[in-house]
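Bear in mind these aren't lab numbers, they're just calculated from the coordinates by the rules spelled out. All values derive from a computational prediction rather than experimental measurement. Don't worry about glycine lacking a Cβ; one is built from the backbone with ideal geometry, like all the others, and counts go over all protein chains shown.
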Amino acid sequence: MDTLSPPDMSLRERKKLRTRQALVDTALRRFTDPGFDATTLDDLCGEVEVSKRTFFRYFTSKEDVAMAPTQDLWGVFLTELETATPKSGTLLELLHDTLLAALAAMPDEGWAQRVETSCRLTAATPSMRAHGLQFCDRTTRAVITLLRERFGFADDDLRVRLAVDLLVAAFHCALEAWTFRPGPASRDGLVAASREAFAAVPGIVTLRVSGGSAPDPR
């Protein structure tokens, strides 16, 4: 079973996890072909053989189930951040280290392929992009709240919000580059893309532009 399941998980919990995973896998396959709009919630639930009531125990919408692979990553990120030990570096480095730890906690098999499929669907589906923005806003607020509670940052310290925004922006750049590059999807590849994106962050504040005149409109 390609999910994060502790060895002491009960049989009932394992069955619930399998049902959730079946919904995700079926959704990603059907949303790819015949398509997101062409697949109804009834179609999805019928293939997995669950009721809509069961579906809504796990997900809020078609968009929610389709974006579960990346949303699961950020759920693990929040859990990791609750106990992450700060090193001598910066807040941004702590956030990046925590994200790398969350990536390492994701399954070796299957998860990366699901993320790639989900990201491709998101790029082609406006309602998924809107759902992603809402999820990103909620997660950003949760991260900021946790940082303030753990480390005593003031509510009006803009640096905390900027650090979280930089984390999210850098990872989104890495995710996009990784999704649309040639070759098979892999978790290690996403880790490498993330490291590359974060390595570029310090150069942002020193990136200079050369002077030049505006083009002649004639």
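For this structure, a couple of remarks:
- Only lysine pairs 8 or more places apart or on separate chains count here, and in the chain those with Cα atoms under 23 Å apart total 5.
- Given charges at beta-carbon only (K, R positive; D, E negative), |dipole| of region 9-61 in Debye: 500 debye
- Between the labelled values [x] 17.6, 57; [y] 19.7, 74; [z] 16.1, 45, the entry that holds Rg and Dmax of the Cα atoms in Å as derived from this structure is [y].
- Ordering of 154-161, 171-178 by burial proxy (mean other Cβ atoms within 10 Å per residue, highest first): 171-178, 154-161
- Computed [θ] at 222 nm, deg cm²/dmol, the chain (DSSP H ≥ 4; -39,500 (n - 2.57); rounded to nearest 500): -21500 deg cm²/dmol
- Contact order normalised by residue count of region 67-201, Cα under 8 Å, 6+ apart, percent: 28 percent
- Selected from ALA192, ALA112, SER210, residue furthest toward positive end of dipole (the chain; charges at beta carbon): ALA112
- Based on C-alpha pairs under 8 angstrom that are at least 6 apart in sequence, region 73-129 has a relative contact order of 32 percent.
- Only helices reaching 24 angstrom along their own axis (Cα) with mean Kyte-Doolittle hydropathy no lower than -1.0 count here, and for the DSSP H runs of the chain these are 126-151, 158-179.
- Dipole magnitude (debye, nearest 20) for region 1-149, charges at Cβ of Lys, Arg, Asp, Glu: 420 debye
- Short-range pairs are left out: with C-alpha atoms under 8 Å and at least six residues apart, the relative contact order of region 9-61 is 31 percent.
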